[in-house]
Amino acid sequence: MAKHGAGSTSSMTLTGAPVLWMRCVDGWADGGDWAGYLQVACEHQKGKWIDSSDGWMKTVAGKGPCEPVWFVDKGDHYELWQGKDKRRPLIRQDNYLRFCGWRRRGPGRRRHAAWRSLG
């Protein structure tokens with residue numbers, strides 16, 4: 001995702017899939033990273049919020065159940081992570097966007113099985 005900054009409107013496209021325009025609302029910054037809640041900005045489902053509390057991205061009517069999404073600065077691009085503690089990266093699984101959880105194993109973090117199978 002190209003860098004635009006907090007409060008900007010951005011889009012994400014999967015090959016062969018429709019475009020979803022969204023905006024980051026109630027955002028904040030932490031160093032080079034920034035976060036906020038995603039709201040649909042295109043006409044289709046405009047004003048709904050992007051919820052991904054179960055990992056799968058979907059639209060909901062209100063911001064209440066939604067977790068913040070982080071745009072983690074990686075130099076020339078951002079990675080999208082979910083949660084106040086940046087605990088779940090955004091991946092593509094079966095042509096859908098999903099935030100994939102981490103689990104601890106041994107002395108360090110290991111990627112969740114679903115994340116490993118896509119890499």
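Readers should treat all values here as calculations from the given coordinates under stated rules, not as data from a laboratory. Computed from a predicted structure; not experimentally measured.
Between Glu79 and Gln93, what length comes free when the chain is fully extended (0.36 nm per residue of separation minus the Cα-Cα distance, one decimal in nm)?
Working: separation 14, 0.36 × 14 = 5.04 nm, distance 1.61 nm.
Residue separation times 0.36 nm, minus the Cα-Cα distance, leaves 3.4 nm.
For Lys86, a cut-off of 24 angstrom between C-alpha atoms picks up these lysines, skipping any fewer than 8 places away in its own chain: Lys3, Lys48, Lys58, Lys63, Lys74.
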